1. Inspect the range 62-83 for any residue being on the phi > 0 side of the Ramachandran plot and without any contact (Cβ under 8 Å) to a residue 60 or more places away in the chain and give the result as yes or no.
2. Taking residue 103 as meeting all but one of (1) surrounded by 12 or more Cβ atoms within 10 Å (Cβ to Cβ); (2) touching a residue at least 24 places away in the same chain (Cβ under 8 Å), write down the number of the exception.
3. What's the number of the condition residue 18 fails, among (1) part of a loop (DSSP other than H, G, I, E, B); (2) without any contact (Cβ under 8 Å) to a residue 12 or more places away in the chain; (3) surrounded by 10 or more Cβ atoms within 10 Å (Cβ to Cβ)?
4. Please go through (1) closer than 30 Å to residue 101 by Cβ; (2) at pLDDT 90 or above; (3) not in a loop (DSSP other than H, G, I, E, B) for residue 56 and return the number of the only condition it doesn't satisfy.
5. Out of all the residues in the range 62-82, is one or more surrounded by 10 or more Cβ atoms within 10 Å (Cβ to Cβ), out of contact with any strand residue (DSSP E or B) (no Cβ under 7 Å at 6 or more places or on another chain) and outside any helix (DSSP H, G or I)?
């Protein structure tokens, strides 16, 4: 027997709101995936292929990385358009007064 499911319309653009913590979680997930790629001996070529492949030609890893990249980029784009960004200076390791970052 067929099952009914809800699905977003093909031409729909859904607006969502995210806070800084969610944005940070997305970025951390992306960084984790990148590190996993490098730790497994894969080089940046694995990610360079993304611009030449369609979504369905990508590996599972590439699809996940690509999807997270898109959401992070959209959050950053929307934040800039809505003037909800601020510029600040951060110290780098080795700078006087540098402290390792901690997550809120």
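The values are calculated or read from the model by the stated rules, or taken from the named source; none is laboratory data. Bear in mind the structure is a predicted one, so any value in this text is a computation, not a measurement. Glycine also receives a Cβ, built like all others from the backbone with ideal geometry; neighbour counts cover every protein chain displayed.
1. Our first condition is that a residue be on the phi > 0 side of the Ramachandran plot; within the range 62-83, this holds for 83.
Okay, now just the ones that are also without any contact (Cβ under 8 Å) to a residue 60 or more places away in the chain, so 83.
Within the range 62-83, one or more residues are on the phi > 0 side of the Ramachandran plot and without any contact (Cβ under 8 Å) to a residue 60 or more places away in the chain.
2. (1) is the only condition that residue 103 fails.
3. The one condition residue 18 does not meet is (2).
4. (1)
5. no
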